[in-house]
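The values are calculated or read from the model by the stated rules, or taken from the named source; none is laboratory data. The structure displayed is predicted, hence computed values, not measured ones. Neighbour counts run over all protein chains shown; Cβ positions are idealised from the backbone, glycine included. In case anyone asks, the SASA skips ligands and DNA or RNA and just uses the protein heavy atoms, side chains included. Shrake-Rupley method; radii C 1.70, N 1.55, O 1.52, S 1.80 Å.
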Amino acid sequence: MKRLAILGSTGSIGQSTLSIVEQFPDRYSVVALAAGRNVDEAFAQASRWRPKVVSMATEELAAELSRRLRQAGVTGMDVAHGPAGTVACSTLAEADFVVSAIVGVAGLEATHAAILAGKPVGLANKECMVAAGEILTAAARQRKVLILPIDSEHNAVHQCLRVGTHGEVKTIWLTASGGPFRQLPLEKFDSITPAQALKHPTWVMGRRITIDSATMLNKGLEIIEACRLFDLPPSQVRVTVHPQSTVHSLVEFVDGSILAQISVTDMRLPILYALAYPERPASNLTFDLAALKHLDFEQPDFERFPCLRLAYEAAEKGGAHCIALNAADEVAVEAFLQGAIPFTGIPRTIEAVLASTPEAHPETIAGVLAADGEARERARALVA
Ligand code: MG
C-alpha cells in the first residue's frame, strides 16, 4: 500500500489522482491533501478520504473547513494552512509518495521539502522544474530520490528512456499540438482574443496553461523541464508539432532508432505510471489503434511562436533566466486575459524581462523565489 500526499488536490491533476486511488484501493491510500482555496471540494475530499492532514491556502479557509468537518462529525484530522501547511503535507512521516500538482511556484518549497525528506515525487508542476530544476535535481540525486514526471510529454520520454542508457540518447522530441493558431496567418496574431486563445483543440486544462499552449510558451517550459529532468543540454531537446496529440513524445537514440509513446489523451495514465513505477498495473485506459487514421509531424514555426526561441535562450543561460521566463509569462498571460495587452504582447513582455535579467544561478529556494518576485515586478511595470 502506497500512502499518498497530494499537493493541489482540488485541481484537475489532484482530482485525477484521487480517481486513480478510487480505482486501485488495494494499492493506494491518501494521508495528506493540500487543497488551496476551494473549501467545498476540500470538505468533500477530506470527508471521503479521511487523510491525517489537510491544508488550505489561508488561516480563514482552514478555520471554515475545521468548522464544517466538526459539524459533520469528522474528527482526528489536522487542518493546516499556508505554505507551512503545504510543507506539513509533503513531509508527513506517513507519506510514501508525494504528488506535486500545485500550479506555479507556490508548490516549490513543499516539493523541495519532500525531496529533502527522501520522498519520491510525482511531478505535475512544471514551473518547479523550470524555476528551480537545478536545485531540485541536485537534491534528488544526492538523496537518491525519484522524480517521476506526470507532464504527459515527459512521462512519455521517461517511458521511452527505459530501453536505453543516457549516453545512447541523441534527441528528445517533445510533441506539441501546435495550439489553436498553428495555421493562423502571422498578421492576424495581434487581434487574437482571450476567448479564441482559451479554446484548445485537444486538451482541457487550466487557463494559464491553455494560453501557454496557444503561444507555445508551454512547450518552451517543457523544453527546460526536459533538460533538467533528463540531464541533457537544450540542443538535445527538440519540438515537433503533432496536431493529433496521440504520440505524447519520442526519444531518438544514437543508432537511429526512435521510440514513441502512444496512449489516450487522459492524464490519469501518466499519473498511474508515476504512482506505480516501476510496475505497470492493468487499467481501463485503452487506446483504440483501429480508430487511428494518420499521424502528422511538422517543424514548429519560430516566427509565429517567438516564445519557443525565448525558451531556448533561457534554457541555454539557465538559473535566473528560466525563472524570469516563467514569471514574466505568468504576469503577461494574466494581462492578456484582462485585455491589458494583445496576444503578441506576451512574447514582447517576456523578451523585455529576459533582456533586463542579470545572469545568476540562485542556490536556494529563497533565492529562486526572490528572483521570481523581481522578474514579476519588472513584468508588471511593463504591462501597466
Ligand atoms: Mg505537457
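Some values worked out for this structure:
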{"read-out": "Surrounding net charge for MET129, when Lys and Arg each add one and Asp and Glu each subtract one, Cβ distance under 11 Å", "value": "-3"}
{"read-out": "Pairs beyond 30 Å (Cα-Cα), from LYS2/LYS170; LYS126/LYS317; LYS219/LYS293", "value": "LYS2/LYS170"}
{"read-out": "Surface accessible to a 1.4 Å probe, per residue, for the residues of region 87-162, Å²", "value": "29 Å²"}
{"read-out": "Region 2-149, dipole about Cα centre (Lys/Arg Cβ +1, Asp/Glu Cβ -1), debye to the nearest 20", "value": "380 debye"}
{"read-out": "Longest segment of the chain lacking trypsin sites (Lys or Arg not before Pro) that sit in a DSSP loop with at most 13 other Cβ atoms within 10 Å", "value": "38-143"}
{"read-out": "Net charge of Cβ neighbours under 13 Å - reference THR10; Lys, Arg +1; Asp, Glu -1", "value": "0"}
{"read-out": "Sulfur and carbon atoms: percent of accessible area, the chain [1.4 Å]", "value": "52 percent"}
